[in-house]
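Data first, discussion second: the structure below is written as structure tokens.
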Amino acid sequence: MVVDAEHGRMVMLEVVAVPVLTDNYVWLIHNGESGETAAVDPSVAEPVLDAVSARGWRLTQVLNTHWHPDHTGGNDGIKSAVGAPITAPAEAQRVSQVDRIVAEGDRVSVAAADVVVWDIPAHTAGHIAYYFEDEEMIFVGDTMFAMGCGRLFEGTAEQMYSNMQRIASLPGDVRIYCGHEYTLANARFAVHAEPQNAALAHRLAEVKELREQGKVTLPTTVAEERETNPFVRATNVQEFARLRSEKDSFRS
Ligand SMILES: [Zn+2]
């Protein structure tokens with residue numbers, strides 16, 4: 001058990017990254033007291049089940065942020081191996097069985113924590129986030145990345161810009177768990193977009209070093225994104241949309 005010195009309250013949940021495929025992260029959320037473990041966006045089943053059993057944990061729940069196969073591909077395999085129920089937005093039914101469909105404002109119990117669901121469409125039409133208010137963490141799938149944002153496959157710049165603003169309005173300490181290790185490429189684009197931003201230059205150097213050591217650069221925090229994410233820092237939708245299309249063709 002870990003005591004959070006700043007707030008003096010018990011931190012119940014441990015979060016672990018399982019790197020899979022090229023650059024996906026499956027996040028394991030573990031409650032040491034109840035023994036429950038949730039997997040967020042399992043791209044594949046076996047490496048996730050292995051990571052869980054290597055720690056002596058029990059996989060009890062699957063959460064999806066959106067239907068893309070690199071976020072849901074392991075659902076069925078996990079369900080048939082350990083029977084973990086799947087919570088997901090309605091659109092995930094295109095590719096997977098879903099036990100509980102959730103949308104904006106729904107409350108879900110995840111590893112005994114109380115979680116609220118946000119609708120944050122644009123990367124896909126039914127993309128959601130899971131916000132653990134008491135634990136100060138949010139799982140945003142492919143909507144926000146460290147110093148970046150998701151591509152607009154099924155939505156508009158207006159929608160994505162309001163997602164950025166909504167996430168950035170959370171308390172600065174909130175940790176943001178993203179679906180991919182895109183941090184270094186995003187940092188290079190961000191520095192190109194904001195060459196005068198000293199915090200950003202500093203962060204690029206930090207991230208380079210982490211990646212050279214093969215380390216995970218996530219989670220990020222709301223405070224860090226407010227300082228270094230050009231998509232968050234854009235002052236209006238037009239500026240956001242211009243950055244998003246520049247990024248689509250940017251080669252670092
Ligand atoms: Zn995706």
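Just so it is clear, none of the values below were taken in a lab; they were calculated from the coordinates. Small disclaimer: the values here were computed from a predicted structure and weren't measured. Using ideal geometry, Cβ is built from the backbone for each residue, glycine included, and neighbour counts are taken over all protein chains shown.
Observations on the model:
- Computed per residue of the chain from DSSP H runs no shorter than four, each worth -39500 (n - 2.57), the mean residue ellipticity at 222 nm is -9000 deg cm²/dmol.
- For the stretch 60-66, the Karplus equation 6.51 cos²θ - 1.76 cosθ + 1.60, evaluated at θ = phi - 60°, returns couplings of 10, 7, 10, 10, 10, 8, 6 Hz by residue, with Gly and Pro reported as x.
- Expressed to the nearest 5 percent, the antiparallel share of DSSP beta bridges inside the chain is 70 percent.
- Taken about its Cα centre, the stretch 6-164 carries a charge dipole of about 340 debye when Lys and Arg each add +1 at the Cβ and Asp and Glu each add -1 at the Cβ.
- Among MET144, MET12, the ranking by other beta carbons within 10 Å of each residue's beta carbon, starting with the fewest, stands as MET12, MET144.
- Extension gain, PHE250 to ASP173: 0.36 nm times the residue separation minus the Cα-Cα distance gives 24.7 nm.
- Formal net charge of residues neighbouring GLY74 (Cβ-Cβ distance under 12 Å; K, R +1; D, E -1): -4
- Lys/Arg +1, Asp/Glu -1 at C-beta; the chain dipole; positive extreme among PRO42, CYS149, ALA193: ALA193
- Value of Rg to Rh for the chain (Rh from inverse mean 1/r over Cα pairs, i.e. Kirkwood): 0.95
- Nitroxide proxy distance, nm - points 7 Å out along Cα→Cβ at ARG166 and GLU104: 0.6 nm
- Nearest 10 degrees, 0 to 90: helix 198-212 Cα axis against the chain principal axis: 50 degrees
- In terms of other Cβ atoms within 10 Å, THR60, THR65, THR228 run from fewest to most in the order THR60, THR228, THR65.
- Three-way shape label, the stretch 1-110, alpha-carbon gyration tensor, a/c 1.5: prolate
- Axis angle, to the nearest 10 degrees, between helix 157-168 and the longest C-alpha principal axis of the chain: 70 degrees.
- Per-residue Cβ neighbour rank within 10 angstrom, fewest leading, ILE86, ILE101: ILE101, ILE86
- Helix 183-193 and the longest principal axis of the Cα set of the chain meet at an angle near 20°.
- Computed label-point distance, nm, for sites ARG151 and ALA198 using a 7 Å Cα→Cβ extension: 3.7 nm
- The calculated FRET efficiency for GLN97 paired with ASN236, based on their beta-carbon distance and R0 = 35 Å, is about 0.25.
- Convex hull volume per residue for the stretch 149-232, taking Cα atoms only, in Å³: 97 Å³
- Placing a label point 7 Å from the Cα of GLU209 along the Cα-to-Cβ direction, the residues of the stretch 217-252 with a backbone N closer than 15 Å are 217.
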